[in-house]
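Participant: Questions regarding the structure given below will be posed in turn.
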């Protein structure tokens with residue numbers, strides 16, 4: 001029973017960490033990376049379609065992304081969606097290929113992205129703590145129903161706390177790496 005609660009808490013904490021990785025990938029660092037366009041959607045025949053399902057996204061060089069749409073008629077739609085997005089990118093089209101140069105990050109934008117990264121990390125920490133709180137409540141419920149003893153509850157709480165500390169440390173490490181990446185010139 002305690003192992004089930006612990007495993008459920010671990011799964012929720014792992015999902016929080018994975019969500020943080022996904023959110024960090026959306027934060028631009030000045031280098032070209034295909035995951036920058038993961039959240040970008042294009043209105044294609046009335047349906048919001050992800051760009052990576054409409055075009056091949058590749059890294060041309062360290063500072064340029066290249067999109068090759070499978071349907072050439074979608075080039076203007078994709079270009080418009082990139083310009084409307086809050087990514088601050090200006091695509092240029094040459095034939096059927098859309099090139100997206102990554103603009104240099106100013107000190108101000110670096111600090112803004114760093115604040116955004118800290119905000120995302122805090123949201124992940126809160127999510128991990130919520131998983132811990134729910135697991136602790138389940139343990140208390142088991143003691144109340146006399147399904148486990150207080151010693152087992154204490155042992156379970158200690159294990160869940162160690163698990164929480166581990167995930168919080170991972171999140172902190174990821175944040176430090178992301179901030180170092182952002183502040184790198």
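Participant: Listed highest first by mean packing, meaning other Cβ atoms within 10 Å per residue, what order do 75-85, 99-109 come in? It would help to have the intermediate numbers written out before the result.
Facilitator: Numbers: 75-85: 16.6, 99-109: 14.0.
So the peptides 75-85, 99-109, ranked by packing, come out 75-85, 99-109.
Participant: Give me the extension gain from residue 53 to residue 19: residue separation times 0.36 nm, minus the current Cα-Cα distance, reported in nm with one decimal.
Facilitator: Working: separation 34, 0.36 × 34 = 12.24 nm, distance 2.09 nm.
Contour length minus the Cα-Cα distance gives 10.2 nm.
Participant: Take residue 109, project a point 7 Å from its Cα along the Cβ direction, then tell me which residues of the stretch 69-88 have their backbone nitrogen under 14 Å from it.
Facilitator: 83, 85-88
Participant: Rg/Rh for the chain: what does it come to with C-alpha atoms and Rh from Kirkwood?
Facilitator: Numbers: Rg = 22.0 Å, Rh = 19.1 Å.
Using Cα coordinates only, the ratio equals 1.15.
Participant: A follow-up question, please. Taking only the alpha-carbon positions of the stretch 34-101 and ignoring solvent, what does the Debye formula give for the base-10 log of I(q)/I(0) at q = 0.11 Å⁻¹?
Facilitator: At q = 0.11 Å⁻¹ the computed log10 ratios are -0.21.
Participant: Rounded to the nearest 0.05, what FRET efficiency do residue 169 and residue 92 give with R0 = 45 Å and r taken as the Cβ-Cβ distance? Could you check? Intermediate results must be reported in sequence, preceding the final value.
Facilitator: Values: r = 43 Å, r/R0 = 0.96.
Given R0 = 45 Å and the Cβ-Cβ separation, E is 0.55.
Participant: Order these by the 10 Å Cβ neighbour count, fewest first: 178, 173, 6. All intermediate terms of the calculation are to be shown ahead of the outcome.
Facilitator: Details: 178 24, 173 10, 6 18.
Going from least to most buried by this count: 173, 6, 178.
Participant: Nearest 0.05, what FRET efficiency do residue 118 and residue 143 give at R0 = 45 Å with Cβ-Cβ as r? Before the final figure, lay out the partial values.
Facilitator: Values: r = 37 Å, r/R0 = 0.83.
Plugging the Cβ-Cβ distance into 1/(1 + (r/R0)^6) gives 0.75.
Participant: What's the angle, to the nearest 10 degrees (0 to 90), between helix 107-144's Cα axis and the longest principal axis of the chain?
Facilitator: 30
Participant: Let me ask something additional. Across the stretch 85-127, how large is the tail of the calculated P(r) beyond 17 Å, expressed as a percent of all Cα pairs?
Facilitator: Values: 475 of 903 pairs.
Of all Cα-Cα distances in the stretch 85-127, 53 percent exceed 17 Å.
Participant: Over the stretch 10-129, what is the mean sequence separation of C-alpha contacts under 8 Å (at least six apart), divided by residue count, expressed as relative contact order in percent?
Facilitator: Numbers: 154 pairs, mean separation 32.6, N = 120.
RCO, the stretch 10-129: 27 percent.
Participant: Further question: Mind telling me which of 35, 92, 127 comes out most flexible in a GNM of the chain, alpha-carbon contacts under 10 Å?
Facilitator: 92
Participant: In degrees, nearest 10, range 0 to 90: what is the angle between the Cα axis of helix 75-84 and the longest Cα principal axis of the chain?
Facilitator: 60
Participant: Quick one: grab the alpha carbon gyration tensor of the stretch 1-63, order the square roots of its eigenvalues as a ≥ b ≥ c, and give me rounded if a/c is under 1.5, else prolate or oblate depending on whether a/b is larger than b/c.
Facilitator: Details: a/c = 3.92, a/b = 1.85, b/c = 2.12.
Oblate, since a/c reaches 1.5 and b/c is not below a/b.
Participant: Please determine, in degrees from 0 to 90 and to the nearest 10, the orientation of helix 150-183 with respect to the longest principal axis defined by the Cα atoms of the chain, where the helix direction is its Cα long axis.
Facilitator: For helix 150-183, the angle is close to 20 degrees.
Throughout, read-outs are computed from the coordinates displayed, never taken from laboratory work. Computed from a predicted model, the values in this text were never measured in an experiment. Positions of Cβ are generated from backbone atoms using ideal geometry, with glycine treated the same way; all protein chains shown enter the neighbour counts.
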